[in-house]
Amino acid sequence: MEPRREGKYKPLGIGRRAAMIRLTLDADKKDPLRVLCLGCHSDDIEIGCGGTILRLAAQYADIEFHWVVFSAIGIRESEARRSAELFIDSLRLKGPILKSFPDGFMPYVGAEVKSVFEELKQSVVPDLVFTHSRRDAHQDHRLIAELTWNTFRDHFILEYEIPKYDGDMGQPSVFVPLDIAVCQKKVSYILDTFKSQHSKRWFEPETFLSLMRLRGMECNAPSGYAEAFYCRKLTM
């Protein structure tokens with residue numbers, strides 16, 4: 001990544017604000033930009049970083065998305081596959097790799113989950129990894145976060161957030177401003193694809209939009225909307 005300031009720099013003065021410096025992914029490379037998306041359950045990637053994925057796909061022509069879901073069972077498997085294909089066109093989507101580990105029990109089959117990460121390490125060298133937060137209240141999510149850092153030790157990793165009943169929202173430090181059209185597309189894809197989740201009270205457009213609105217306010221996004229991430233390490 002390298003810093004870039006949008007537009008011309010203007011000195012800070014009365015009634016004038018300096019825009020925050022933005023970091024952009026280094027696309028000046030011979031190989032495609034490789035993004036590894038890791039999610040415990042079928043809709044985690046989309047909820048946590050779906051808007052950012054849509055923005056990256058639009059921003060970088062030469063980019064690959066490697067998509068992995070660890071628990072996609074029954075109807076959730078077909079939902080996960082359809083959603084990945086909605087968010088990313090077939091030419092740039094690698095996968096999705098869909099596993100069938102039991103929801104809520106991943107820490108008890110940790111060795112088998114770890115084996116999947118060992119296979120991933122041999123098949124892809126990502127420039128950017130999206131994964132769960134190590135502070136997530138869900139035990140499956142925490143395990144995937146831990147194994148991500150255990151496996152990809154010298155990579156740029158962003159941990160996304162998942163709203164839930166447990167109330168584990170924190171203070172992320174990396175923000176990705178999103179156009180409102182991108183936010184609406186993200187929410188539309190999620191609601192249209194994951195029909196098995198419609199009975200859950202939290203699975204509503206207001207839940208997803210309100211979180212992006214809050215994060216957009218926190219980073220002063222032009223549209224008022226953003227997704228946010230936790231970043232433990234960053235090289236500039």
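The values are calculated or read from the model by the stated rules, or taken from the named source; none is laboratory data. Fair warning: this is a prediction, and the values are worked out from it, not measured in the lab. Cβ: placed from backbone, ideal geometry, glycine included. Neighbour counts: every protein chain shown. Ligands, DNA and RNA are excluded from the accessible area calculation, which covers all protein heavy atoms including side chains. Shrake-Rupley method; radii C 1.70, N 1.55, O 1.52, S 1.80 Å.
Under unit Cβ charges (Lys, Arg +1; Asp, Glu -1), what dipole magnitude, rounded to 20 debye, does the chain have relative to its Cα centre?
Values: 33 positive and 33 negative charges, 166 e Å.
It works out to roughly 800 debye.
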Query raised in the report: What spacing in nm lies between the two simple spin-label points modelled at Glu119 and Trp149, each 7 Å away from Cα in the Cβ direction?
Result: 2.6
Requested in this report: Among Arg34, Arg22, Arg142, determine the one that fluctuates most according to a GNM of the chain built with springs between C-alpha atoms less than 10 Å apart.
Outcome: Arg22
Query raised in the report: How far is helix 75-87 tilted off the main Cα axis of the chain, in degrees rounded to 10, range 0 to 90?
Result: 30
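Please state the shape class of segment 65-192: rounded when a/c is under 1.5, otherwise prolate if a/b exceeds b/c and oblate if not, all from the C-alpha gyration tensor.
Details: a/c = 1.26, a/b = 1.15, b/c = 1.10.
Cα axes put segment 65-192 in the rounded bin.
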**Report entry** Solvent-accessible area per residue for the chain (1.4 angstrom probe, square angstrom)
**Finding:** 53
Report task. Can you tell me the dipole magnitude for segment 125-181 around its Cα centre, using point charges on the Cβ only (Lys, Arg +1; Asp, Glu -1), in Debye to the nearest 20? Result -> 140
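Where the accessible area of segment 86-132 is counted over protein heavy atoms with a 1.4 Å probe, how much of it, in %, is carbon and sulfur? Could the numbers behind the result be given before it?
Details: 1350 of 2430 Å².
Of all accessible area on segment 86-132, carbon and sulfur atoms account for 55 percent.
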Query raised in the report: When DSSP assigns beta bridges and you keep just the ones with both residues in the chain, what percent turn out antiparallel, to the nearest 5?
Result: 35
Report summary line: Pseudo-spin-label distance Met217 to Asp166, built 7 Å along Cα→Cβ, given in nm, is 2.5
Report summary line: For Lys99 and Arg201, extending 7 Å from Cα along the Cα-Cβ vector and measuring point to point gives, in nm, a value of 3.3
Requested in this report: Please go through segment 23-109 and write out the chymotrypsin sites (Phe, Trp or Tyr not before Pro) that DSSP classes as loop and that have at most 15 other C-beta atoms within 10 Å.
Outcome: Phe105
